[in-house]
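Below is one structure; the comments refer to it alone.
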Amino acid sequence: MVGLIDCNNFFVSCERVFAPRLRTRPVVVLSNNDGCIVALSNEAKALGLRRGNPYYQVKDMCERHGVEVLSGNHRLYGDMSARVMATIASVTGDVEVYSIDECFISLNFAGADDAVEAGHDLVRRVRRDTGIPTSLGIAPTRTLAKIASHFAKKYPAYRSVCTIDNDYRRRRALELTDACDVWGIGRRLARRLANYGISKAIHFADRPLHEVEQMVNITGVRTWRELNGQPCINTDEIAGGDNSTQKQMCCSRTFAKDISELSELSDAFSLFATILTRRLRERHIAAGGLTLFIHTNTHRPDLPQYYNSVYVPLPEPSNDTMTIAAAVTDGLKAIFRKGFGYKRGGICVAELCDERHIQQSLFTDSADRYRRQRLMKVIDSLNASSLSHDRVHIASYMPLESCARCEHRSPNYSTRMSDIIKVNTVQNGL
């Protein structure tokens with residue numbers, strides 16, 4: 001049996017751990033630059049708010065109903081996610097992290113009752129040790145476990161643990177699940193399946209295999225097999241496969257205010273280069289080239305509009321921050337035009353390869369390359385030990401807080417010493 005643990009309203013739950021006053025209030029968390037709602041509590045959902053609502057459209061409604069509005073604090077969420085996964089791993093020992101708030105676990109028990117009881121113990125353990133409420137779905141396959149976790153979260157009678165351990169429960173769960181809500185189908189494929197009269201998951205699962213192979217690709221066939229209780233999705237597919245199969249990696253931002261000076265725009269792009277190269281080194285891959293893009297505020301048609309992009313090849317694949325930052329500066333100079341206020345920009349690195357298999361240039365000193373690699377390792381080590389990704393950085397670097405609007409951000413309770421909660425105690429008679 002396979003289990004899927006899903007954190008309930010994860011971003012909101014992280015905020016509530018350190019601010020108990022929020023536990024009974026409607027809460028929404030906003031995206032970069034406080035643009036759209038990306039997470040919300042059940043109380044906020046009951047008011048009619050939905051994920052994806054632009055904040056400016058619902059701002060009056062939030063103020064009218066006393067909704068607590070928070071900017072996304074992803075450093076806090078990442079640290080809390082690590083705590084949740086570590087707690088789960090300490091109990092099960094076999095964890096496949098799927099996303100920041102989901103992971104698969106193995107449940108090899110003799111009977112279903114044992115698995116359910118162990119699931120309840122695990123959910124209670126995570127809540128006790130981290131403060132994060134979770135839901136657990138148990139089933140023979142990962143796709144069915146995802147469906148079970150939705151039921152565990154939606155229906156209180158399950159007490160946060162739902163199991164699909166026989167064919168009756170499997171069929172009943174699929175009858176109650178829309179095809180578009182099945183992991184691996186999505187809305188686009190659901191529209192195609194609707195042309196075949198398939199609206200529920202059970203309609204898809206009941207089709208003969210030869211018909212399914214004509215409707216969907218190999219991924220869809222695997223989903224069909226999983227819905228019928230045949231495990232066929234492995235760990236590599238969940239984790240995203242080998243790094244060598246990744247084609248590109250991007251980092252972009254909508255700026256808090258329009259940027260009209262090249263120097264300020266260059267500082268923001270140095271931030272993007274720093275973030276991307278850190279991710280490349282974490283995955284032990286390097287980039288052979290990069291694409292830069294900038295554009296003005298499309299929501300201000302009264303202002304001059306401009307958009308441009310450029311591809312910058314590198315002499316040899318690299319994940320060195322200074323090398324890529326220099327290439328970014330050259331590319332930015334090529335596409336920057338004066339007289340415009342730029343609202344958004346970003347970098348996409350491409351031609352990714354394993355850092356062990358880099359085809360080196362004849363014109364690069366191998367000794368200098370080795371020293372730079374050691375320097376990057378030292379910088380990463382210092383930043384990791386300081387619970388901050390930007391304690392040591394290149395000079396041309398704009399802090400993330402300056403790049404994006406975040407007027408409602410909560411403190412970094414768990415990763416910054418100055419933000420640790422202060423407890424005041426008063427002794428009787430003193």
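How would K59, K343, K200 line up by accessible area, probe 1.4 Å, largest first?
I get K59, K200, K343, largest accessible area first.
Beyond 21 Å, what share of the Cα-Cα pairs of the stretch 1-148 is found? Please give it as a whole percent.
48 percent
Taking the solvent-accessible surface of protein heavy atoms with a 1.4 Å probe, what is the per residue accessible area of the chain in Å²?
I get 53 Å² per residue for the chain.
So which of K154/K343; K45/K257; K59/K153 end up more than 32 Å apart, counting from Cα to Cα?
Result: K154/K343 exceed 32 Å.
Could you state the angle between the C-alpha long axis of helix 74-92 and the longest principal axis of the C-alpha atoms of the chain, as a value from 0 to 90 degrees rounded to the nearest 10?
40 degrees
Provide the net charge surrounding G220, with neighbours chosen by a C-beta distance below 12 Å and charges set as Lys +1, Arg +1, Asp -1, Glu -1.
Once all neighbours under 12 Å are counted, the net charge is +2.
Can you compute 3J(HN,Hα) from phi for each residue in the stretch 275-292, using the Karplus curve 6.51 cos²θ - 1.76 cosθ + 1.60 with θ = phi - 60°, rounded to whole Hz and x for Gly and Pro?
5, 5, 5, 5, 5, 4, 5, 4, 9, 6, 10, 9, 10, x, x, 8, 10, 10
Between beta-carbons, use under 12 Å as the cut-off and find the net charge around S99, counting Lys and Arg +1, Asp and Glu -1.
After counting each charged neighbour, the total is -3.
How much accessible surface area, in Å² rounded to 10, belongs to the heavy atoms of Y98 with a 1.4 Å probe?
Y98 has an accessible surface of roughly 80 Å² with all protein chains in place.
On a 0 to 90° scale, report how tilted helix 142-154 is relative to the longest principal axis of the chain, with both axes built from alpha carbons and the result rounded to the nearest 10.
Compared with the principal axis, the helix lies near 80 degrees.
Over the stretch 1-149, what percent of the accessible surface lies on carbon and sulfur atoms, probe 1.4 Å?
Carbon-and-sulfur percentage of accessible area, whole number: 48.
Binned at 10 Å from 0, what are the whole-percent values of the Cα-Cα distance distribution for the stretch 39-106, short to long?
Going out from 0 Å in 10 Å bins, the stretch 39-106 shows 17, 35, 26, 18, 4 percent.
If each DSSP helix of 4+ residues adds -39,500 (n - 2.57) and the sum is divided by the residues in the chain, what number results at 222 nm, nearest 500 deg cm²/dmol?
After summing the helix terms and dividing by residue count, I get -13000 deg cm²/dmol.
Going by accessible area, probe 1.4 Å, with all protein chains left in place, what is the ranking of Y77, Y168, largest first?
I get Y168, Y77, largest accessible area first.
Determine the equivalent ellipsoid of the chain by diagonalising the alpha-carbon gyration tensor, then write out the semi-axes as square roots of 5 times the eigenvalues, largest first, rounded to whole Å.
39, 30, 25
May I ask you to list the aspartates and glutamates whose Cα is less than 12 Å away from that of K333, ignoring any residue fewer than eight positions away on the same chain?
Cross-link targets: E261.
Quote the relative contact order of the stretch 27-133 in percent (integer), defining contacts as alpha-carbon pairs under 8 Å separated by 6+ residues.
Relative contact order for the stretch 27-133 comes out at 20 percent.
Got a sec? What order do M1, M417 fall in by accessible area at 1.4 Å, biggest, i.e. largest, first?
M417, M1
With everything on Cα atoms, drop me the angle between helix 321-335 and the longest principal axis of the chain, reported from 0 to 90° to the nearest 10.
70 degrees
The values are calculated or read from the model by the stated rules, or taken from the named source; none is laboratory data. Since the model is a prediction, treat every value here as computed from it, not as a measurement. Neighbour counts are summed over all protein chains in view; Cβ atoms, including those assigned to glycine, are modelled from backbone coordinates with ideal geometry. To get the accessible areas, we keep the full protein, side chains included, count just its heavy atoms, and leave off ligands, DNA and RNA. Shrake-Rupley method; radii C 1.70, N 1.55, O 1.52, S 1.80 Å.
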